[in-house]
Amino acid sequence: MTLKELSDHVVAEFKKHYGREPRWIVAAPGRVNVIGEHTDYNDGFVLPMAIERYAIMAADLALFQSTNTVSIYDTQFKETATIDVGEHVTKGSPKWSNYMRGVFAGFQRRGEKIPALDVAFMSTVPLGGGLSSSAALEVCTGTLIEAATGKRIDPIEKALIAQTAEHEFAGVPCGIMDQFISSLGREGHLLLLDCRTRKTELVPMNDPAVALLIVNTNVKHELGSGEYAKRRAECEEAAKILGVASLRDVTPEQLEKAKSKMSDLVYRRARHVIGEIERTVHAAEGIRQSNWPTVGQFMYASHASLRDDYDVSCKELDAVVEIAEDIGFKGGVYGCRMTGGGFGGCCVALVKADAIEAITKTMLEEYNVKTGLEAIIFSSRPAAGATIIKG
Ligand code: ADP
Ligand code: MG
């Protein structure tokens, strides 16, 4: 669904549910990280892109403001959350309402009064697939508050409120990438984000001859969060041995010199992170120059490093990348890699736009042959960040 179709749909749902026209429509996108994996907690760079999948809300002031209640009707699950905004918002049920509660609480902390609202919402970001449906929901909520109060805030501040909501209300200790791209994304651009300084740079990607394919393996292996904590500890150990605050401060040459001081495992973890930070900066440069074969090579190298040095891939993700390599440049694939934390979730591939259909067909078939599973594939161009569509 295009954003326009999505918007029409949620307006129709609002009208059906509340019996009147909505006054505001807001949306915020999910994201895919094109390159720069497991670099964020090492003070490195990431290069995400907002995708054409959105959380979207239609809303109006509640008819009776004295109720101090925000009603949020989830049009997909046909469930309504009611949140008391008359006092400081706390955690509650249903579970998904916490992503919104956290953002309400964050705005209240800034001294904002949240009006009583009637809201209808839906999302086309797949849930729990590593495309950040959670950040989309949070940033969409923040944008709704901006629309309803008539006060725009700095998009960085909005992203930080959303991140705090995810930490405190969803219990997920995420970095800043997901909320930053959902809040600051711009159509036709990727976002190069320095996780140390929070400096952002929009990287234009307007070549109509290329697109990104997102391939959901539809698996999620359970070891994810435990392994994530281990990787963080291993990176900290490497930094300690190297005598630096974070692996961002280390060059590949410095790592080679210190190799004998650390275990092979810690060395490989550090080699991934240090190499990946370099690849991310170079890939951004390649994108600026529309040098797609080079960008593709960095993506393949990123995958190999995540698979062999960082040990966070899995056979399904590897299968997708192998299929991409088999299709190859001639078949329209420049590069492909796992994206997200690993152990399942999605791959992202850089492809020729006119080969999307053929590549999708081959990938679906071959993935099924190799794994017995069904993948879900869609393409996206770099989408806009959070927007007030009406209001
Ligand atoms: P990801 O952000 O990668 O999609 P998360 O586990 O961080 O995965 O977030 C997924 C959770 O976000 C869901 O389990 C649900 O609680 C919540 N969520 C996101 N979008 C929706 C939605 N449209 N309806 C209900 N819950 C949603
Ligand atoms: Mg998430």
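The values are calculated or read from the model by the stated rules, or taken from the named source; none is laboratory data. What you see is a predicted model, and the numbers here were worked out from it, not measured in a lab. Note that we place each Cβ from the backbone using ideal geometry, even for glycine, and neighbour counts take in every protein chain shown.
In the set Ala135, Ala159, Ala148, only one residue is touching a residue at least 40 places away in the same chain (Cβ under 8 Å) and within 16 Å of ligand 1 (Cβ to nearest atom); that residue is Ala135. Set side by side, the residues Gly106, Gly102 differ, and just one is at pLDDT 95 or above and more than 13 Å from ligand 1 (Cβ to nearest atom), which is Gly106. Listed by first and then second residue, the pairs with beta-carbon distance under 7 Å, at least 6 apart or on different chains, first residue in the stretch 106-128 and within 30 Å of Phe378 (Cα to Cα), second among the small types (Gly, Ala, Ser) and surrounded by fewer than 20 Cβ atoms within 10 Å (Cβ to Cβ), are Val119/Ser71.
Tallying residues that are among the aliphatic types (A, V, I, L, M) and surrounded by fewer than 23 Cβ atoms within 10 Å (Cβ to Cβ) within the stretch 322-346 yields 1. Picking from residues in the stretch 167-196 that are of a type in the set (A, V, I, L, M, F, W, C) and within 11 Å of ligand 2 (Cβ to nearest atom), the one that is farthest from Tyr41 (Cα to Cα) is Ala170. Going by the conditions given, is Glu5 in a loop (DSSP other than H, G, I, E, B) and either of a type in the set (Lys, Arg) or farther than 28 Å from Ala105 by Cα (or both)? No: the conditions fail for Glu5. Quick check on Val210: is it of a type in the set (A, V, I, L, M, F, W, C) and within 13 Å of ligand 2 (Cβ to nearest atom)? The answer is no for Val210. Within the stretch 167-182, the residues that satisfy the criterion of being over 18 Å from Arg109 (Cβ atoms) and crowded, with 23+ Cβ neighbours inside 10 Å are Met177, Asp178, Phe180, Ile181, Ser182. Sort out which residues of the stretch 67-77 are closer than 16 Å to Gly19 by Cα and not in a strand (DSSP E or B), and write them in order of number. Scanning the stretch 67-77 gives a single hit, Thr75. Counting the residues of the stretch 110-144 that are within 30 Å of Val34 (Cα to Cα) and not small (Gly, Ala, Ser) gives 14. Collect the residues in the stretch 130-166 that are more than 15 Å from ligand 2 (Cβ to nearest atom), surrounded by fewer than 24 Cβ atoms within 10 Å (Cβ to Cβ) and within 20 Å of Pro382 (Cβ to Cβ), keeping them in residue-number order. Selection gives Pro155, Ile156.
What about Val70, is it crowded, with 16+ Cβ neighbours inside 10 Å, free of Cβ contacts under 8 Å to residues at least 40 places away in the same chain, assigned by TED's automatic domain parsing to the domain that holds Gly175 and not polar (S, T, N, Q)? When the stated conditions are applied, Val70 does not pass them.
Closer than 26 Å to Ser380 by Cα, within 12 Å of ligand 1 (Cβ to nearest atom) and among the hydroxyl-bearing types (Ser, Thr, Tyr): is that true of Ser97 in this structure? No, not satisfied.
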